[in-house]
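Chemist: Here you go, one structure.
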Amino acid sequence: MGRLFLVNLEGKSYSCKHCKTNLGLYDDVVSKSFQSRHGKAYLFSKVVNVYAGKKEDRMMMTGMHTVVDIYCVKCGSYVGWRYEFAFEKNQKYKEGKSVLERYKVWGPDGNNYWVAQEVEAGESESDDA
């Protein structure tokens, strides 16, 4: 096995809740209004220190998308997904962007957003919003 090289982010960042590896910058958050199966999720224009799983087509609230699950490169924990292709024209802006699930990451203020804190009565628990 080779040596692991991690990208170190400067500034306010989100990190893996298991190993604290930097994943994305606060300034790269495109939207905080996404939903996953487990609660809130944030759309990022760029993430680092992740590797991708296999491509698959998923039906989400906004239509069919080709996505890959993304995992922390250091500890292998699932952290979210990346949009590879959007079938709907109005969803093309998501292509190439990544979603980090809030319950899987530490926030820039050092908080871990657990499911119980984020999912309120009446909120959807679908993949996408």
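Residue-wise test of (1) in a strand (DSSP E or B); (2) open to solvent by less than 30 Å² (accessible area, probe 1.4 Å); (3) at pLDDT 95 or above.
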residue	(1), (2), (3)
51	yes, no, yes
55	yes, no, yes
67	yes, yes, yes
70	yes, yes, yes
74	no, no, yes
80	yes, yes, yes
85	yes, no, yes
93	no, no, yes
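Chemist: Consider residue 60 against the criteria (1) at pLDDT 95 or above; (2) surrounded by 16 or more Cβ atoms within 10 Å (Cβ to Cβ); (3) not β-branched (Val, Ile, Thr): it satisfies all of them except one. Which criterion is unmet?
Modeler: With (1) at pLDDT 95 or above; (2) surrounded by 16 or more Cβ atoms within 10 Å (Cβ to Cβ); (3) not β-branched (Val, Ile, Thr) applied to residue 60, the lone miss is (1).
Chemist: Filter region 18-49 for residues that are in contact with a Lys or Arg (Cβ under 6 Å, 6 or more places away or on another chain), outside any strand (DSSP E or B) and buried (at least 16 other Cβ atoms within 10 Å of the Cβ) and give the result.
Modeler: 21, 28 - these are the residues of region 18-49 that are in contact with a Lys or Arg (Cβ under 6 Å, 6 or more places away or on another chain), outside any strand (DSSP E or B) and buried (at least 16 other Cβ atoms within 10 Å of the Cβ).
The values are calculated or read from the model by the stated rules, or taken from the named source; none is laboratory data. Note that this is a predicted model, so its numbers are computed, not measured. Cβ coordinates were reconstructed from backbone atoms using ideal geometry, including for glycine residues, and neighbour counts include every protein chain displayed. With ligands, DNA and RNA removed, areas are computed over all heavy atoms of the protein, side chains included. Shrake-Rupley method; radii C 1.70, N 1.55, O 1.52, S 1.80 Å.
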